[in-house]
1. Sort out which residues of segment B:221-252 are crowded, with 20+ Cβ neighbours inside 10 Å and polar (S, T, N, Q), and write them in order of number.
2. If only one of B:S155, B:S149 is surrounded by 11 or more Cβ atoms within 10 Å (Cβ to Cβ), within 14 Å of chain A (Cβ to nearest Cβ), touching a residue at least 12 places away in the same chain (Cβ under 8 Å) and in contact with a Pro (Cβ under 9 Å, 6 or more places away or on another chain), which one is it?
3. For A:N298, are the conditions met, namely being over 28 Å from A:T458 (Cα atoms) and either free of Cβ contacts under 8 Å to residues at least 12 places away in the same chain or in a helix (DSSP H, G or I) (or both)?
4. Please enumerate the residues belonging to segment A:460-488 that are without any contact (Cβ under 8 Å) to a residue 12 or more places away in the chain, aliphatic (A, V, I, L, M) and part of a helix (DSSP H, G or I).
5. Is it the case that segment A:286-299 has a residue that's at the interface with chain B (Cβ under 7 Å from one of its Cβ atoms), more than 28 Å from the chain's Cα centre (by Cα) and surrounded by 20 or more Cβ atoms within 10 Å (Cβ to Cβ)?
6. In this structure, does A:T313 turn out to be more than 9 Å from chain B (Cβ to nearest Cβ), crowded, with 20+ Cβ neighbours inside 10 Å and of a type in the set (S, T, N, Q)?
7. Within segment B:39-55, can one find any residue that is out of contact with any Lys or Arg (no Cβ under 6 Å at 6 or more places or on another chain), under 30 Å from B:N265 (Cβ atoms), at pLDDT 85 or above and not aliphatic (A, V, I, L, M)?
Amino acid sequence: MKKKTYLIFLIVGLLLLAVGIGCFARICAVKDSIYSNYSISFSDASFASVFINDHDEATVKADFDAAILAAATGGASASEEPSMDEVPVEGAEAVEAAEAEAVEAVDEEAQEEALEAIAEASPYDTVIGSFSKVSGLRNAWKLQGILIGAGLLLCLVAVVLVLRAKNLDLAAIMRSKITWAVIAELLILVVCLVIRPEFFSISYQPSSRMLYGNLVDIINRSAEITIIGMGMTMVIALGGTDLSVGALVAVSGALALKLMRWDPTNPLYQTPGDYSVYPFILVLLVPLLVCLLMGAFNGVLVGQLKLQPIIATLILMVSGRGIAQIITNGKQYTTMYSPFRVIGQGSCLFLPTPIVITVVVVAAVMLFVRKTAFGTFVESVGINPSASRLSGINSKVVILIVFALTGLLSGISGMIYSSRIMSNDSNNAGINYETDAILSVVIGGTSMSGGKFSLTGTIVGSIIIRTIITFVYYFGVSPDSTMAFKALIIAVIIVLQSEPVRNWMAKRSQARTMVKGGAVK
Amino acid sequence: MSQKTEKRQSLFSRIMNPKYIMVYATVIIFLIIYAYGAIRYGKIGFTTLRTFVNFFTDNAYYGISAVGMTMVLITGGIDLSVASVASLTGMLIAYGYERMGISPVITMLFSILVGIGLGALMGSAIHYLNVPPFITTLTGNFLARGICSLISRESISINHPLIDALAGFKITLYHMVDGEWVKIKPITKIDLTVIIFIVMIILGTIVLQHTRFGRNVYAIGGSESSAKLMGLPVGKTKVAVYAINGFCSALAGIAYVLVVKSGWNMALQGGELEVISSAVIGGTLLTGGVGYMIGTMFGVLLKSVIPAIINFNGTLSSWWGKIATGALLLLFIVIQRAVVSYTGKKKAN
């Protein structure tokens with residue numbers, strides 16, 4: 001328990017520190033760009049408003065641009081208005097160009113008027129107004145100071161705890177696979193921090209009541225894999241793999257959309273619906289139930305018929321997408337139904353809903369597995385099926401429950417996925433989820449040969465995979481090529497985690513502590 | 001198992017050896033499905049030789065890859081990188097000629113070297129670092145696919161006389177009518193890819209059944225630790241098997257290029273599972289130690305028969321093909337399971 005406490009303190013501290021530095025870097029970057037572009041000084045509070053929100057920043061700037069152009073050229077050059085879609089920095093450059101043109105075109109008076117107009121009708125005020133509604137977030141400077149301070153404090157506490165710990169088994173920590181996963185994750189983040197500190201900035205958007213930022217996005221987007229990973233961890237602990245999860249994601253989405261959109265009495269109704277044909281509770285429950293049953297089908301094949309899990313689940317992997325196509329009759333339904341949108345895109349407790357769903361699911365699974373004997377059953381069946389049968393464990397039922405649970409979790413994940421795109425996509429929904437889930441389980445330290453498993457490790461694994469993707473996107477690499485980077489980073493992690501390397505590391509650190517101990521004595 | 005006793009057995013008892021029972025199950029299922037097609041669609045040309053040859057042509061590239069995959073599965077491993085290595089081969093050939101002007105002969109040889117090298121690398125990671133084959137080859141899959149996308153994200157078509165010549169190389173079949181050689185009607189042609197496929201199956205059979213290397217492969221699959229204790233070169237054999245598989249995937253990539261005459265970064269997506277399921281339908285056990293090339297060949301044929309029946313039907317949509325493949329897989333595995341438990345009980349008795 002203690003070992004975990006240090007790690008959690010250290011990681012949370014480091015993350016807070018990084019977020020603080022990221023916010024600071026972002027504020028500096030924004031401040032610099034505004035100073036250089038407008039040569040007007042604003043109070044820190046207005047920067048706070050910039051800090052809270054990426055999106056508003058762009059619109060505010062666009063307003064500014066419009067104001068400058070309108071005042072400078074009398075609204076004649078509407079065509080030169082910089083486009084709203086442009087990235088803020090590029091937009092600022094365009095403004096500069098427009099300003100230069102304005103200087104050439106009209107006399108200085110008009111320019112002064114323009115600047116006055118900006119100063120008077122500053123749209124920043126409205127932003128600050130909305131911003132001040134959120135209590136405690138009034139001053140960005142204060143906030144990032146608090147973040148950096150808290151981060152430093154937590155790091156310090158962790159270091160002090162580590163130093164004061166008497167029997168800290170460094171070798172055991174080095175031998176643990178999760179340690180290496182966490183180190184890998186932190187290394188990726190450190191690289192991010194060095195190259196682009198803004199990566200870590202987190203902002204609050206009042207309009208959608210959600211925190212925004214790359215870190216939030218990583219956790220948000222890893223939700224599907226984390227949820228599936230909970231089931232996959234236990235499947236792998238049983239010594240098998242479940243390849244059908246991606247197909248089940250497609251089936252779940254197809255069923256949900258069909259229940260919302262398919263109206264037998266009115267088959268030609270084509271407009272995007274902001275309603276649901278069947279009650280929403282059915283839309284939620286039927287896909288989950290069907291996925292549970294399909295998972296149970298896998299469980300029967302593996303448990304009762306004793307088929308090899310890879311092949312048994314390959315059946316549903318191959319035919320699952322076909323089933324999803326048949327459910328929707330090959331159609332791609334779309335919906336505008338707002339309660340459904342909440343699942344994937346809404347906010348809950350100032351966080352995107354998928355994060356909250358993930359936390360609830362993970363907590364439920366952990367309670368079920370670790371507070372009952374079920375986790376131990378799974379491990380014992382994974383280690384030695386015949387011995388556990390002799391000791392009175394009904395391995396068939398354990399296998400059935402694990403596979404059915406994985407099916408259910410894939411169903412939940414499918415609902416989140418289809419809610420994100422507000423549509424069903426039988427060919428691409430959940431594609432490669434099975435490999436991502438298996439990878440996150442393995443990176444998290446669960447052995448493919450079955451036995452002991454770590455749900456926490458799986459969460460770390462799925463976050464690592466998402467971090468790599470977000471990281472690579474952030475630095476502007478094309479989505480197709482992310483695979484190469486993913487492969488390289490995963491290869492490094494796997495080599496670090498491989499048995500010979502870990503043993504070597506553990507031996508080295510053991511030798512070092514022994515030498516140290518000897519010197520003290 | 002000395003050779004003398006085997007030679008003394010009659011041909012019949014040698015063929016009816018219970019160890020081939022899985023292969024026979026595959027052959028029988030293939031014949032049943034073929035007979036169904038022949039009865040239903042015999043009038044519209046299902047029974048012609050051309051249709052039969054097309055079973056080979058349709059999935060020849062999967063078949064070539066399945067030869068290497070069978071060996072990997074017999075050692076108890078798995079290789080998920082085959083499809084992306086094949087796709088990488090296509091991309092190398094296409095990009096090499098169309099964008100850099102390198103002759104396809106050089107890029108073909110180079111891509112075969114890449115395949116062998118990647119296979120050997122993965123094999124050594126599996127053996128020496130003790131990483132599960134599933135994870136190692138999955139990483140290899142991502143790597144090959146990622147490199148493919150780094151080279152080009154667009155499909156590149158190949159216009160080279162050599163590729164055209166190889167793709168156009170076909171053997172027309174003749175038969176004797178009244179003492180004269182006449183073209184079989186409808187005109188039946190055997191592609192180069194089919195020839196490679198069959199040659200690879202024969203080579204694979206020879207390597208597996210009649211060489212020391214082949215016996216090592218089976219021994220490792222049966223029990224790796226026993227093989228090690230017996231003093232067999234486990235590490236070398238495993239690395240070699242993955243290298244051979246890399247060679248087969250590169251060759252499959254070349255065969256695929258001959259079919260589509262282009263390189264695409266997303267080509268053959270999901271092909272690795274097609275290949276694995278072909279081998280498994282052919283009676284190869286994923287746990288290792290059991291499997292025959294001839295069974296794999298029938299596994300590949302089975303994979304072409306079902307789409308053929310759907311095509312001949314004409315009214316079934318393509319997603320029924322997916323479900324049919326799944327159902328067939330289920331049927332076959334259940335039969336396999338029943339056979340294994342039956343023979344197991346018989347042995348016990």
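The values are calculated or read from the model by the stated rules, or taken from the named source; none is laboratory data. Source: prediction; values computed, not measured. Ideal geometry is used to build each Cβ from the backbone, glycine not excepted, and the neighbour counts take in all protein chains shown.
1. Correct list: B:T237, B:N245, B:S249.
2. Working: B:S155 fails: in contact with a Pro (Cβ under 9 Å, 6 or more places away or on another chain).
Matching residue, one of B:S155, B:S149: B:S149.
3. Details: over 28 Å from A:T458 (Cα atoms): no; either free of Cβ contacts under 8 Å to residues at least 12 places away in the same chain or in a helix (DSSP H, G or I) (or both): yes.
So A:N298 fails the test.
4. Kept after step one, since they are without any contact (Cβ under 8 Å) to a residue 12 or more places away in the chain, are these residues of segment A:460-488: A:473, A:476-481, A:483-484, A:487-488.
Now restrict to residues that are aliphatic (A, V, I, L, M): A:477, A:483-484, A:487-488.
Correct list: A:M483, A:A484, A:A487, A:L488.
5. As a first pass, look at segment A:286-299 and keep what is at the interface with chain B (Cβ under 7 Å from one of its Cβ atoms): none.
Checking segment A:286-299: not a single residue is at the interface with chain B (Cβ under 7 Å from one of its Cβ atoms), more than 28 Å from the chain's Cα centre (by Cα) and surrounded by 20 or more Cβ atoms within 10 Å (Cβ to Cβ).
6. Working: more than 9 Å from chain B (Cβ to nearest Cβ): yes; crowded, with 20+ Cβ neighbours inside 10 Å: yes; of a type in the set (S, T, N, Q): yes.
So A:T313 passes the test.
7. Here is the first cut: in segment B:39-55, the residues out of contact with any Lys or Arg (no Cβ under 6 Å at 6 or more places or on another chain) are B:39-55.
Filter again for under 30 Å from B:N265 (Cβ atoms), leaving B:54-55.
From what is left, the residues that are at pLDDT 85 or above are B:54-55.
Checking the rest, the ones that are also not aliphatic (A, V, I, L, M) come to B:54-55.
Yes: segment B:39-55 contains one or more residues that are out of contact with any Lys or Arg (no Cβ under 6 Å at 6 or more places or on another chain), under 30 Å from B:N265 (Cβ atoms), at pLDDT 85 or above and not aliphatic (A, V, I, L, M).
One line per residue, one yes/no per condition, for (1) modelled with pLDDT under 75; (2) surrounded by 15 or more Cβ atoms within 10 Å (Cβ to Cβ):
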| residue | (1), (2) |
| --- | --- |
| A:V157 | no, yes |
| A:L168 | yes, yes |
| A:A172 | yes, no |
| A:T179 | no, yes |
| A:I183 | no, no |
| A:L189 | no, yes |
| A:I202 | yes, yes |
